[in-house]
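Everything below concerns the one structure shown next.
The values are calculated or read from the model by the stated rules, or taken from the named source; none is laboratory data. Since the model is a prediction, treat every value here as computed from it, not as a measurement. With ideal geometry, Cβ positions are generated from the backbone for all residues, glycine too; neighbour counts draw on all protein chains shown. Each accessible area value is taken on the protein alone, full model and side chains, heavy atoms only, with ligands, DNA and RNA left out. Shrake-Rupley method; radii C 1.70, N 1.55, O 1.52, S 1.80 Å.
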Amino acid sequence: MPLSDAKIRILKPKAKPYKVGDQDGLYITVTPSVSRLWHLKYRIDGREKRLSFGAYPSVGLATARKLKDQARSTLADGSDPGAVKQEQKRVDREIRGNTFAAQAKAFIDKGRREGKADATKAKIEWLLGMACADFGALPITAITSPTVLACLRKVEAKGNYETAKRLRAKIGGVSLLVRSVGSTGWGLGTGWVDVVESVRNSKDGDGTMSERVRSNRSSRRLSQHPSRS
């Protein structure tokens with residue numbers, strides 16, 4: 001008989017783990033420590049294998065059945081659902097490790113290899129340090145236009161429009177590095193490389209950032225040469 005939530009809740013632990021079946025190879029294992037763990041038994045290439053879905057009630061009956069159906073569909077396509085799950089875990093780990101800070105460091109290291117002057121390298125590190133302080137820990141794939149824009153706005157709020165412009169350019173440099181290695185190296189993170197371009201086109205009540213930078217420059221020139229006004 002298929003399981004129900006009522007049946008699962010009354011399952012009692014025993015001295016040794018035991019299994020209670022649901023349907024299509026899905027079953028729950030009850031351990032002596034009262035854990036109730038979902039598993040799927042399946043066969044591929046003549047070998048019996050097992051796939052874990054997590055613990056009840058964090059993974060409910062309906063969710064476990066949905067995961068079972070997905071695994072069965074993968075199996076029907078000729079793939080091993082266990083191998084697919086492990087590969088997805090590997091990709092997820094790589095995504096989490098592929099942060100903006102990691103790519104900013106790669107960008108800085110690239111500048112060192114290219115022989116940039118010490119003063120230039122220090123300036124780049126200082127600029128990207130501001131970005132890393134705000135969103136360096138984020139995976140590349142989690143960075144959005146508002147993420148970058150918020151960082152730049154903080155710099156602008158202090159009146160440092162030229163610094164904001166340079167910071168935007170360096171963030172753009174990191175994005176180009178991600179684009180250049182995305183298809184052959186990381187294979188990840190290419191979804192955010194248009195963020196900086198989006199920031200260039202973003203507007204608020206005062207207009208675009210580039211417009212404010214030009215306005216700031218014009219104001220300084222006029223204050224230095226009032227006869228031109």
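Worth a mention:
- Ala119 paired with Arg93, simple spin-label distance in nm, labels 7 Å along Cα-to-beta-carbon: 4.6
- Between Gln86 and Lys158, the modelled label-to-label distance comes to 4.9 nm, taking each label 7 Å out from Cα in the direction of the beta carbon.
- When segment 67-142 is reduced to its Cα atoms, the Kirkwood hydrodynamic radius in Å: 15.2
- Rolling a 1.4 angstrom probe over segment 37-105 with all protein chains present gives an accessible area of which 49% lies on carbon and sulfur atoms.
- Per-residue SASA remark: Glu162, around 40 Å² accessible (1.4 Å probe; ligands, DNA and RNA not included).
- Each principal axis of the Cα cloud of segment 1-113 was evaluated for its coordinate range; sorted largest first, these ranges are 66, 33, 25 Å.
- Accessible area expressed per residue, segment 1-128, with surrounding protein chains retained (probe 1.4 Å, Å²): 61
- Debye, to nearest 20: dipole size of segment 65-149, +1 on Lys, Arg Cβ, -1 on Asp, Glu Cβ: 160
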